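The values are calculated or read from the model by the stated rules, or taken from the named source; none is laboratory data. This one's a predicted model, so the numbers in the text were calculated from it and none came from an experiment. Here the Cβ positions follow ideal geometry from the backbone for every residue, glycine too, while neighbour counts run over all protein chains shown. Please note that ligands, DNA and RNA were not included when accessible areas were found on the heavy atoms of the full protein model with its side chains. Shrake-Rupley method; radii C 1.70, N 1.55, O 1.52, S 1.80 Å.
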Amino acid sequence: MAPLNSIKDHEPPQCYITAKSYKSLASLISLNGLLAVDERMKAIIERLEPGIHQLFPIEIRMPRGKLYPKQYHLLVVGQDIDAFSPEKSEEGSYRSYGPEYSGYYTLIDSKKEISGLAFSKTAFGRAHLWRERALNGKLTCLSDQLEAEAVKAGLRLPKHYRMMEVSP
């Protein structure tokens with residue numbers, strides 16, 4: 001699976017319309033599967049991994065045409081990494097697509113299962129933000145450092161879980 005990057009400036013949407021009004025949003029949000037970050041999260045990402053990810057301004061519009069007061073940016077994660085280690089993950093924490101799809105797994109979206117997933121430190125190395133290739137690109141991973149800096153800055157993140165880091 002190719003990384004989801006190299007989007008041209010004219011391709012991303014410029015506006016997202018919500019079904020209801022919000023007083024506050026997290027610093028990292030999903031807009032129907034597209035990721036978006038606020039200015040402070042954008043600054044952290046760009047400082048830790050300059051030039052790797054694409055960020056495009058997007059307006060968030062609520063009912064009655066009201067504009068959400070903070071600027072957000074669509075986030076295109078610029079690196080797909082295959083760090084998932086099924087052999088070192090806890091049994092039942094993922095499902096295999098089957099022998100004909102060797103190397104591809106499906107994510108079970110609960111704390112218990114996600115916490116049982118193992119990832120090779122050698123494979124993800126010094127990456128701070130990536131999509132996990134073997135899990136069909138559906139798992140966005142944050143390094144401990146990125147998560148710690150967001151928390152230190154007082155940013156709200158969506159529900160997330162620590163996974164296991166393993167050696168090869």
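Between their Cα atoms, which of Lys138/Lys159; Lys42/Lys121; Lys23/Lys70; Lys42/Lys152; Lys111/Lys159; Lys20/Lys70 are more than 20 Å away from each other? Result: Lys42/Lys121 exceed 20 Å. Across the chain, C-alpha contacts under 8 Å between residues 6 or more apart give a mean separation that, scaled by the residue count, equals a relative contact order of 24 percent. Once the C-beta distance of Tyr161 and Lys121 is scaled by a Förster radius of 25 Å, the resulting FRET efficiency is 0.90 to the nearest 0.05. Derived scalar couplings between HN and Hα for region 72-89 equal 10, 9, 5, 10, 9, 5, x, 9, 9, 10, 9, 9, 4, 10, x, 5, 9, 7 Hz in order, rounded to whole Hz, by the Karplus curve 6.51 cos²θ - 1.76 cosθ + 1.60 (θ = phi - 60°), x for Gly and Pro. Atom-type composition of the exposed protein surface of region 80-166 places 48 percent of the accessible area on carbon and sulfur (1.4 angstrom probe).
Look at the dipole of region 15-76 built from charges on Cβ: of Ile29, Ile44, Val76, the Cα furthest out on the positive end belongs to Ile29. With contributions of -39500 (n - 2.57) from each DSSP H run of at least four residues, the per-residue ellipticity at 222 nm computed over the chain stands at -4000 deg cm²/dmol. Rounded to the nearest 5, the antiparallel percentage of DSSP beta bridges internal to the chain is 70%.
Skipping prolines and chain starts, which residues have an amide H placed within reach, meaning under 5 Å, of the one on Val166, given they are 5 or more residues away or on another chain? Under 5 Å from the amide H of Val166 lie the amide H atoms of Phe119, Ser120, Lys121, each far enough along the sequence or on another chain.
Compared with the dominant Cα axis of the chain, that is its longest principal axis, helix 39-48 is turned about 40°.
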